[in-house]
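Q: Would you mind keeping the following structure in view while I ask a few things?
The values are calculated or read from the model by the stated rules, or taken from the named source; none is laboratory data. None of these values were measured; they are calculated from a predicted model. Because the Cβ atoms are built from the backbone with ideal geometry, glycine has one as well, and the counts that use them run over all protein chains shown.
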Amino acid sequence: MNKIGLIVEREFTERVRKKSFIITTLLTPLFMIAMMVAPGLMMMKGGSSTKNVVVIDNTTDQFVGKQLTSGKTVEFKLLGEGTTVGQARTQYSNADIAYGILVIGSDVLDNPQNIQFILNDASSMSVEENIQNQIQGILRTERLSRYDIENIDQILADANIRVNGLQTLKNNGQEDESGMEETSTVASWAMGLILGMLLYFILIVYGQQVLQSVIDEKQTRVLDVMVTSCTPFELMMGKILGIALVAALQIVIWAVLVIGASAFVMPMIMGNTGMDAMTAAASAASDPEVVGIMSKLTNVGYLAGLFLELLLYIVGGFLFYASMYAAIGSAVDTPQDAAQFNGIIMMPVIVAIIVMMNVMNDPNSDMVFWCSMIPFTSPIVMMARIPFGIPTWQVIVSLVVLYISFLLMTWLAGRIFRVGVFMHGKKPTWKDLGAWIKMK
């Protein structure tokens, strides 16, 4: 163990002293903090300015233009009857005076496509959507009025119901409502996607570091010297554990910074007034999903639990894949030779990413469940499922299977490593790797 400890120390210190490690460790949480603060700042200050739109209405008695309602997004100005498009373009061609000219055809009631919007500035989806929705409502009401239905306006007002989202609660098995926990499907999916991609990044980046480190030291014959002082298995374990500690340290630093930002930085930047305004804006939107997202981003306990589970899966997943990378690195002489084996290792990771994208549709489907249990895909898929509030026993079983599989994979990789580290000048095949595992 002393020899493994020396190798771990060497691999660890060599990487944490690099500028790239320090820069990545600091910039990544800053990006995550910015993603947390941005929604609140956009709610407070991200509103677009009101656009002035002049209206030429050629319908009878200008019934469409007179019913257009101005608001924060659009300010309408109805021009007099008989105003031509040419006159309006001459008078309102400056973007500072008018954002655009809305021309409504005389037969718009029968031909709803007879509408033109002449812009003096860049197009805006919110403005166009506002105009389309208003005109659509006006034309619908006008057509219904042809049927001479009494109190048609009141009937339409009563029938105009919009569901902005469902308030989703997690049933914890208690009879009273106090046992139910508020959740959000969108927030859970977004959090799971971020964590899954973060784990994918760790597996690929640090796994490749194990592979490259072994290849570099094999090319320079450093490994040939090191194995005179330790066994090949001790050497492999030292490299894997050393780089695993680097990845774990990075995650811990990220967790501290992100949780600290959630608890202290966001309130400090936005102030009590800003936090209250952000909460009020979410409540005013009458959208439970928005409220759910804000509650998760500011819940320190929730974020701490996620990072703890992320750390467990990163360590287990990395050790599982790093042992394979180390075995491949010992069997080849150049990164080009490792390409054929690297592609096979990457296939389960790509499958995990594809399955992760489908977690939002059904986090408990058979395919998603089994992929969260199989060690080749479980680290990424399970991290995408956890924010949805899956049963604890599934997480425990998945972790146990992952760590047992790591021990088995380490044993297999060690069998390859002990032979491959001494092989030079020969590109191994899959048959060769199988023979090395069986070799006594």
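Q: On the basis of being within 19 Å of LEU241 (Cα to Cα), part of a loop (DSSP other than H, G, I, E, B) and assigned by TED's automatic domain parsing to the domain that holds MET236, does PRO428 make the cut?
A: Here the answer is no, as PRO428 does not meet what is asked.
Q: To continue, here is another question. Is it fair to say MET423 is among the aliphatic types (A, V, I, L, M), modelled with pLDDT under 85, buried (at least 16 other Cβ atoms within 10 Å of the Cβ) and in a helix (DSSP H, G or I)?
A: Here the answer is no, as MET423 does not meet what is asked.
Q: Would the stretch 151-167 turn up any residue that is touching a Leu at 6+ places or on another chain (Cβ under 9 Å), at pLDDT 75 or above and within 30 Å of GLN116 (Cβ to Cβ)?
A: The answer is no; no qualifying residue exists.
Q: I've got another one for you. If only one of ILE374, ILE386, ILE350, ILE390 is closer than 20 Å to LEU195 by Cα and touching a residue at least 40 places away in the same chain (Cβ under 8 Å), which one is it?
A: ILE386
Q: Sticking with this structure for a sec: Taking interchain pairs and intrachain pairs at least six residues apart, which have beta carbon atoms under 8 angstrom, with the first residue in the stretch 128-154 and closer than 15 Å to ASP110 by Cα and the second exposed (fewer than 13 other Cβ atoms within 10 Å of the Cβ)?
A: Filtered contacts from the stretch 128-154: THR141/ASP153.
Q: Checking the conditions here, which among LEU41, LEU78 is at pLDDT below 80, out of contact with any Phe, Trp or Tyr (no Cβ under 6 Å at 6 or more places or on another chain) and farther than 30 Å from THR228 by Cβ?
A: On inspection, the qualifying residue turns out to be LEU41.
Q: Would you be able to say whether some residue in the stretch 207-223 is surrounded by fewer than 23 Cβ atoms within 10 Å (Cβ to Cβ) and within 24 Å of the chain's Cα centre (by Cα)?
A: Yes, some residue in the stretch 207-223 is surrounded by fewer than 23 Cβ atoms within 10 Å (Cβ to Cβ) and within 24 Å of the chain's Cα centre (by Cα).
Q: Oh, and also: Please go through (1) farther than 24 Å from LEU312 by Cα; (2) modelled with pLDDT of 70 or more for PHE233 and return the number of the only condition it doesn't satisfy.
A: (1) is the only condition that PHE233 fails.
Conditions (1) at pLDDT 85 or above; (2) of a type in the set (Lys, Arg); (3) part of a loop (DSSP other than H, G, I, E, B), marked per residue:
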residue	(1), (2), (3)
ILE350	yes, no, no
MET356	no, no, no
MET360	no, no, yes
PRO363	no, no, yes
PRO375	yes, no, yes
VAL381	yes, no, no
ILE390	no, no, yes
ILE396	yes, no, no
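Q: If we only count strands (runs of 3 or more DSSP E) wholly inside the stretch 51-120, which ones have 3 or more residues that are in contact (Cβ under 8 Å) with a residue 40 or more places away in the chain?
A: 51-57, 100-104
Q: Specify which of the listed residues (MET191, MET197, MET226) is within 14 Å of ARG10 (Cα to Cα) and assigned by TED's automatic domain parsing to the domain that holds ILE353.
A: Just a single option satisfies the conditions, and that option is MET226.
Q: Name the residue, out of ASP276, ASP287, ASP337, ASP333, that is modelled with pLDDT under 55, among the acidic types (Asp, Glu) and more than 24 Å from the chain's Cα centre (by Cα).
A: ASP276
Q: Regarding ILE416, is this residue of a type in the set (Val, Ile, Thr), surrounded by 21 or more Cβ atoms within 10 Å (Cβ to Cβ) and either modelled with pLDDT of 85 or more or in contact with a helix residue (DSSP H, G or I) (Cβ under 7 Å, 6 or more places away or on another chain) (or both)?
A: yes
Q: Looking only at the stretch 230-244, decide whether some residue is on the phi > 0 side of the Ramachandran plot and surrounded by fewer than 19 Cβ atoms within 10 Å (Cβ to Cβ).
A: Looking for residues that are on the phi > 0 side of the Ramachandran plot and surrounded by fewer than 19 Cβ atoms within 10 Å (Cβ to Cβ), one finds none in the stretch 230-244, hence no.
Q: Still on this structure: Is there any pair linking a residue in the stretch 12-23 that is in the same structural domain as ILE202 (by TED's automatic domain parsing) to one that is at pLDDT below 80, with Cβ under 6 Å and at least six apart or on different chains, and which?
A: Close Cβ pairs satisfying both conditions: ARG15/PHE21.
Q: So TYR313 clears everything in (1) of a type in the set (Phe, Trp, Tyr); (2) out of contact with any Pro (no Cβ under 7 Å at 6 or more places or on another chain); (3) modelled with pLDDT of 75 or more except one condition, right? Which one?
A: Going through the list (1) of a type in the set (Phe, Trp, Tyr); (2) out of contact with any Pro (no Cβ under 7 Å at 6 or more places or on another chain); (3) modelled with pLDDT of 75 or more, TYR313 breaks only (2).
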